[in-house]
Amino acid sequence: MNPYQEIRKVPLESFDGLQSSAYAVQRLDEEKGWQESGIVGHNYMLLPNQEVKEIADDLLSSSYTSFELDKEFFNGKSFMLAYKAVDSIASVDYTVDDNELDKLNLGIQFWNSYDGTRSFGFSLMLYRLICTNGMMSKQYLQNYRFRHNPGSEDWDKQLESMVHMINMTQDGDNNDVNTMIRGIKQLNNHAIDVEEISNIRHNHLQNIPTSVWGEVVDKFTDPRGDYHGTSNGWGLLNSATDILWHKKKPTLASYNHNAMITDGIINAICS
């Protein structure tokens with residue numbers, strides 16, 4: 001589905017002809033014509049996805065870190081762009097087959113929606129470089145919501161603040177990101193057995209659907225799989241992010257599960 005279709009905001013009316021304070025957001029489908037994507041309030045900051053991408057590219061080019069586009073998601077309502085930093089910010093104390101350190105790279109997600117489910121903003125994330133598994137977090141990694149429209153008086157200040165945060169994080173001066181990286185290193189040194197899997201599942205990830213958790217454990221315990229020889233917390237987390245980040249047809253739920261499992265495993269083992 002093309003995320004960069006033309007959009008328009010159409011005022012709604014009540015049955016007696018009075019204008020509502022709500023608006024329908026419609027996008028111009030190349031084959032079906034105008035299609036409704038959502039209902040939003042009068043003050044909702046509606047931006048076309050094309051403009052979001054232009055802002056993202058401009059903002060990231062202003063940082064001294066080079067980024068490359070990794071993923072683009074659009075379900076007709078919610079839109080996401082994920083960028084991966086070219087240079088690593090840390091490494092896990094683990095050597096992979098090619099005798100290079102298991103590196104972690106900074107990632108940036110930009111979100112937008114036409115139905116109000118996700119306000120225009122961005123989130124930090126981390127990548128495992130050797131497999132580009134993306135790790136999301138609502139607890140350890142900052143989420144930033146734009147509060148003013150492009151062109152407003154405070155717009156440049158917002159962009160400067162974001163660029164500063166990105167540069168600071170890449171320099172290793174972001175305490176929240178550093179806390180998450182320390183947690184990941186602890187995962188790598190923590191062996192996982194059946195008792196530990198039970199604790200993680202029933203005390204920290206009880207809201208994850210059984211079908212999702214079953215798929216994660218199946219990948220983690222597969223004797224022919226990528227993570228069978230890595231019977232520690234880092235292997236379990238990567239079993240999850242491998243599935244959830246690389247889905248052929250991702251959903252908002254799969255991205256939310258990514259963050260929930262990342263936070264839950266780190267909390268279970270590192271608290």
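The values are calculated or read from the model by the stated rules, or taken from the named source; none is laboratory data. What you see is a predicted model, and the numbers here were worked out from it, not measured in a lab. Virtual Cβ from ideal backbone geometry, glycine too; neighbours counted across all protein chains shown.
Some notes on this structure:
- Some residue of region 147-158 being surrounded by 14 or more Cβ atoms within 10 Å (Cβ to Cβ), within 20 Å of the chain's Cα centre (by Cα) and in the same structural domain as Asn105 (by TED's automatic domain parsing): no
- Selection of region 159-175 for residues being surrounded by fewer than 16 Cβ atoms within 10 Å (Cβ to Cβ) and touching a residue at least 40 places away in the same chain (Cβ under 8 Å) yields Asn167, Gly172.
- Test: residue in region 182-198 that is closer than 27 Å to Ile89 by Cβ, within 19 Å of the chain's Cα centre (by Cα) and assigned to a helix (DSSP H, G or I): yes
- Failed condition for Ser119, given (1) under 24 Å from Leu159 (Cα atoms); (2) in contact with a Lys or Arg (Cβ under 6 Å, 6 or more places away or on another chain); (3) buried (at least 19 other Cβ atoms within 10 Å of the Cβ): (3)
- Verdict on Val96 being at pLDDT below 95 and touching a Gly at 6+ places or on another chain (Cβ under 6 Å): no
- Residues that are outside any strand (DSSP E or B) and either assigned by TED's automatic domain parsing to the domain that holds Gly76 or of a type in the set (Gly, Ala, Ser) (or both) within region 7-41 comprise Ser14, Gly17, listed in sequence order.
- Selection from region 218-250 of residues that are modelled with pLDDT of 95 or more and β-branched (Val, Ile, Thr): Thr241, Ile243
- Glu68 being modelled with pLDDT of 95 or more and either surrounded by 13 or more Cβ atoms within 10 Å (Cβ to Cβ) or assigned by TED's automatic domain parsing to the domain that holds Leu159 (or both): yes
- Any hit, region 180-203, residues being under 22 Å from Met125 (Cα atoms), without any contact (Cβ under 8 Å) to a residue 40 or more places away in the chain and surrounded by 15 or more Cβ atoms within 10 Å (Cβ to Cβ): no
- Summed over region 1-50, the residues that are within 22 Å of Arg118 (Cβ to Cβ), aromatic (Phe, Trp, Tyr) and modelled with pLDDT under 95 give a count of 2.
- Of the set (1) within 22 Å of Ala82 (Cβ to Cβ); (2) not in a helix (DSSP H, G or I), all apply to Arg224 but (1).
- Residues in region 214-271 that are farther than 17 Å from Cys131 by Cα, of a type in the set (Ser, Thr, Tyr) and within 19 Å of the chain's Cα centre (by Cα): Thr251, Ser254, Tyr255.
- When the residues of region 218-247 are filtered to those that are closer than 20 Å to Leu126 by Cα and out of contact with any helix residue (DSSP H, G or I) (no Cβ under 8 Å at 6 or more places or on another chain), the one that is surrounded by the most Cβ atoms within 10 Å (Cβ to Cβ) is Asn238.
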